[in-house]
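For reference, the structure discussed in these notes is given below.
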Amino acid sequence: MATLAPGLANPAGPFRHGKILVVPAGATLPPVCVKCGMPTAGQYVTKNFRWHPPWVYLLILIGLLVYVIVALVMQKTARVAVPFCTQHRSWRTNMNIIAAVLLLGWIPEWIVLAYLNVDGGWIALITCSMILAGLIVLVIVSNFFSPVFIDRTCAKFKGAGEPFLGTLPFVQG
(Lines give C-alpha, C1' and ligand atoms only; values in the text may rest on other atoms or scores of the structure.)
Protein backbone atom coordinates (compact mmCIF):
# COMPACT_ATOMS: atom_id res chain seq x y z
CA MET A 1 0.00 0.00 0.00
CA ALA A 2 1.33 3.43 -0.88
CA THR A 3 2.04 5.80 1.97
CA LEU A 4 1.97 9.54 1.76
CA ALA A 5 5.10 11.62 2.19
CA PRO A 6 5.57 12.80 5.80
CA GLY A 7 3.24 15.61 6.85
CA LEU A 8 0.56 15.01 4.19
CA ALA A 9 -2.88 13.52 4.68
CA ASN A 10 -4.10 10.68 2.50
CA PRO A 11 -5.29 12.33 -0.74
CA ALA A 12 -8.91 11.76 -1.76
CA GLY A 13 -8.11 12.87 -5.30
CA PRO A 14 -5.45 11.98 -7.82
CA PHE A 15 -1.81 11.90 -6.78
CA ARG A 16 1.56 11.00 -8.23
CA HIS A 17 3.78 8.09 -7.37
CA GLY A 18 7.05 8.96 -9.08
CA LYS A 19 6.18 9.39 -12.77
CA ILE A 20 2.94 7.43 -12.41
CA LEU A 21 -0.42 9.21 -12.09
CA VAL A 22 -2.75 7.46 -9.63
CA VAL A 23 -6.47 8.20 -10.01
CA PRO A 24 -8.63 6.77 -7.21
CA ALA A 25 -12.05 5.49 -8.31
CA GLY A 26 -14.44 8.41 -8.67
CA ALA A 27 -11.70 11.08 -8.51
CA THR A 28 -11.61 14.00 -10.94
CA LEU A 29 -8.41 15.25 -12.54
CA PRO A 30 -7.62 18.96 -12.20
CA PRO A 31 -8.48 21.19 -15.23
CA VAL A 32 -4.90 21.44 -16.52
CA CYS A 33 -3.47 19.55 -19.50
CA VAL A 34 -2.26 16.11 -18.51
CA LYS A 35 0.72 16.54 -20.87
CA CYS A 36 1.92 20.16 -20.47
CA GLY A 37 0.11 21.53 -17.41
CA MET A 38 -1.56 24.41 -19.32
CA PRO A 39 -5.16 25.38 -18.45
CA THR A 40 -7.74 23.39 -20.42
CA ALA A 41 -10.85 25.57 -20.17
CA GLY A 42 -12.79 22.45 -19.25
CA GLN A 43 -11.69 20.43 -22.30
CA TYR A 44 -11.73 16.80 -21.19
CA VAL A 45 -11.59 13.62 -23.23
CA THR A 46 -13.62 10.95 -21.45
CA LYS A 47 -12.26 7.51 -22.26
CA ASN A 48 -12.78 3.95 -21.12
CA PHE A 49 -9.30 2.63 -20.42
CA ARG A 50 -8.70 -1.13 -20.47
CA TRP A 51 -5.87 -3.04 -18.84
CA HIS A 52 -4.97 -6.65 -18.19
CA PRO A 53 -1.93 -8.18 -16.48
CA PRO A 54 1.15 -8.11 -18.74
CA TRP A 55 1.68 -11.90 -18.50
CA VAL A 56 -1.48 -12.37 -20.60
CA TYR A 57 0.55 -11.25 -23.67
CA LEU A 58 2.52 -14.51 -23.41
CA LEU A 59 -0.63 -16.34 -24.45
CA ILE A 60 -0.18 -14.96 -27.97
CA LEU A 61 2.53 -17.63 -28.32
CA ILE A 62 -0.13 -20.31 -27.74
CA GLY A 63 -2.63 -18.71 -30.08
CA LEU A 64 -4.24 -15.38 -30.83
CA LEU A 65 -7.71 -16.64 -30.01
CA VAL A 66 -6.55 -17.92 -26.59
CA TYR A 67 -4.96 -14.53 -25.88
CA VAL A 68 -8.10 -12.60 -26.92
CA ILE A 69 -10.39 -14.75 -24.75
CA VAL A 70 -8.19 -14.55 -21.65
CA ALA A 71 -7.51 -10.82 -22.17
CA LEU A 72 -11.25 -10.12 -22.37
CA VAL A 73 -11.92 -12.15 -19.23
CA MET A 74 -9.01 -10.65 -17.25
CA GLN A 75 -9.38 -7.02 -18.37
CA LYS A 76 -10.19 -4.27 -15.91
CA THR A 77 -11.70 -0.97 -17.05
CA ALA A 78 -11.70 2.58 -15.75
CA ARG A 79 -13.63 5.53 -17.15
CA VAL A 80 -11.54 8.68 -16.75
CA ALA A 81 -12.06 12.23 -18.03
CA VAL A 82 -8.58 13.30 -19.14
CA PRO A 83 -7.88 17.04 -19.47
CA PHE A 84 -6.04 18.15 -22.62
CA CYS A 85 -5.11 21.66 -23.72
CA THR A 86 -6.15 22.76 -27.21
CA GLN A 87 -2.76 21.84 -28.70
CA HIS A 88 -2.59 18.29 -27.27
CA ARG A 89 -6.28 17.63 -27.91
CA SER A 90 -5.77 18.73 -31.53
CA TRP A 91 -2.67 16.52 -31.89
CA ARG A 92 -4.60 13.52 -30.54
CA THR A 93 -7.55 14.20 -32.87
CA ASN A 94 -5.30 14.62 -35.92
CA MET A 95 -3.41 11.41 -35.17
CA ASN A 96 -6.71 9.50 -34.84
CA ILE A 97 -7.83 10.91 -38.21
CA ILE A 98 -4.53 9.91 -39.83
CA ALA A 99 -4.86 6.39 -38.39
CA ALA A 100 -8.44 6.09 -39.68
CA VAL A 101 -7.44 7.31 -43.16
CA LEU A 102 -4.57 4.82 -43.30
CA LEU A 103 -6.65 1.93 -41.99
CA LEU A 104 -9.65 2.61 -44.24
CA GLY A 105 -7.89 4.34 -47.13
CA TRP A 106 -6.70 1.06 -48.58
CA ILE A 107 -10.21 0.40 -49.90
CA PRO A 108 -10.36 3.29 -52.42
CA GLU A 109 -6.62 2.88 -53.04
CA TRP A 110 -7.17 -0.73 -53.99
CA ILE A 111 -10.07 0.15 -56.30
CA VAL A 112 -8.20 2.99 -58.05
CA LEU A 113 -5.01 0.98 -58.53
CA ALA A 114 -6.96 -2.02 -59.82
CA TYR A 115 -8.82 0.27 -62.24
CA LEU A 116 -5.45 1.60 -63.47
CA ASN A 117 -4.27 -2.00 -64.05
CA VAL A 118 -1.45 -1.77 -61.51
CA ASP A 119 0.16 -5.13 -60.76
CA GLY A 120 -1.59 -7.00 -57.91
CA GLY A 121 1.68 -7.40 -56.02
CA TRP A 122 2.12 -3.63 -55.84
CA ILE A 123 -1.49 -3.20 -54.73
CA ALA A 124 -0.97 -5.77 -51.96
CA LEU A 125 2.30 -4.12 -50.88
CA ILE A 126 0.77 -0.64 -50.73
CA THR A 127 -2.33 -1.94 -48.93
CA CYS A 128 -0.30 -3.81 -46.30
CA SER A 129 1.95 -0.76 -45.84
CA MET A 130 -1.04 1.51 -45.26
CA ILE A 131 -2.60 -0.87 -42.73
CA LEU A 132 0.72 -1.30 -40.89
CA ALA A 133 1.27 2.48 -40.81
CA GLY A 134 -2.27 2.97 -39.46
CA LEU A 135 -1.65 0.43 -36.70
CA ILE A 136 1.64 2.12 -35.78
CA VAL A 137 -0.11 5.51 -35.51
CA LEU A 138 -2.80 3.93 -33.30
CA VAL A 139 -0.11 2.49 -31.01
CA ILE A 140 1.54 5.91 -30.74
CA VAL A 141 -1.78 7.55 -29.85
CA SER A 142 -2.72 4.82 -27.36
CA ASN A 143 0.65 5.14 -25.60
CA PHE A 144 0.30 8.94 -25.41
CA PHE A 145 -1.45 8.45 -22.03
CA SER A 146 -2.10 4.84 -21.03
CA PRO A 147 -2.89 2.65 -18.02
CA VAL A 148 -0.24 0.55 -16.30
CA PHE A 149 -2.65 -0.87 -13.71
CA ILE A 150 -6.40 -0.83 -13.04
CA ASP A 151 -8.43 -2.37 -10.23
CA ARG A 152 -11.69 -1.43 -8.50
CA THR A 153 -9.98 1.11 -6.22
CA CYS A 154 -7.79 3.07 -8.64
CA ALA A 155 -6.21 3.39 -12.06
CA LYS A 156 -2.51 4.13 -12.62
CA PHE A 157 -1.28 5.83 -15.79
CA LYS A 158 1.97 6.54 -17.58
CA GLY A 159 2.41 9.43 -19.98
CA ALA A 160 1.37 12.34 -17.78
CA GLY A 161 3.79 15.25 -18.18
CA GLU A 162 5.93 16.56 -15.34
CA PRO A 163 4.16 19.98 -15.35
CA PHE A 164 0.85 18.18 -14.68
CA LEU A 165 2.32 15.76 -12.15
CA GLY A 166 3.88 18.73 -10.34
CA THR A 167 0.39 20.00 -9.48
CA LEU A 168 -0.47 16.80 -7.58
CA PRO A 169 0.54 15.53 -4.13
CA PHE A 170 3.54 13.18 -4.19
CA VAL A 171 3.15 9.75 -2.59
CA GLN A 172 6.01 7.47 -1.57
CA GLY A 173 5.70 3.81 -0.83
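The values are calculated or read from the model by the stated rules, or taken from the named source; none is laboratory data. Computed from a predicted model, the values in this text were never measured in an experiment. Quick reminder, even Gly has a Cβ in these numbers, built from the backbone with ideal geometry, and neighbours come from all protein chains shown.
Among the residues of the range 137-144, is there at least one that is farther than 20 Å from A78 by Cα and touching a Leu at 6+ places or on another chain (Cβ under 7 Å)? Yes, the range 137-144 has at least one match. For the range 148-164, a tally of residues being within 14 Å of P14 (Cα to Cα) and either among the basic types (K, R) or not assigned by TED's automatic domain parsing to the domain that holds G13 (or both) returns 2. Please work out if S129 is hydroxyl-bearing (S, T, Y), outside any loop (DSSP other than H, G, I, E, B), farther than 30 Å from P31 by Cα and without any contact (Cβ under 8 Å) to a residue 12 or more places away in the chain. Yes; evaluated as a whole, the condition is true for this residue.
Residue check: is C85 closer than 28 Å to V34 by Cα and touching a strand residue (DSSP E or B) at 6+ places or on another chain (Cβ under 6 Å)?
Details: closer than 28 Å to V34 by Cα: yes; touching a strand residue (DSSP E or B) at 6+ places or on another chain (Cβ under 6 Å): no.
So C85 fails the test.
Every test in (1) closer than 30 Å to R152 by Cβ; (2) free of Cβ contacts under 8 Å to residues at least 24 places away in the same chain is passed by A78 save one, and that test is (2).
Could you tell me whether the range 42-55 includes any residue that is over 18 Å from D151 (Cβ atoms) and buried (at least 17 other Cβ atoms within 10 Å of the Cβ)? No, the conditions are met nowhere in the range 42-55. Do we have any residue at all in the range 65-72 that's buried (at least 17 other Cβ atoms within 10 Å of the Cβ), out of contact with any Gly (no Cβ under 9 Å at 6 or more places or on another chain), at pLDDT below 90 and not in a strand (DSSP E or B)? The answer is no; no qualifying residue exists.
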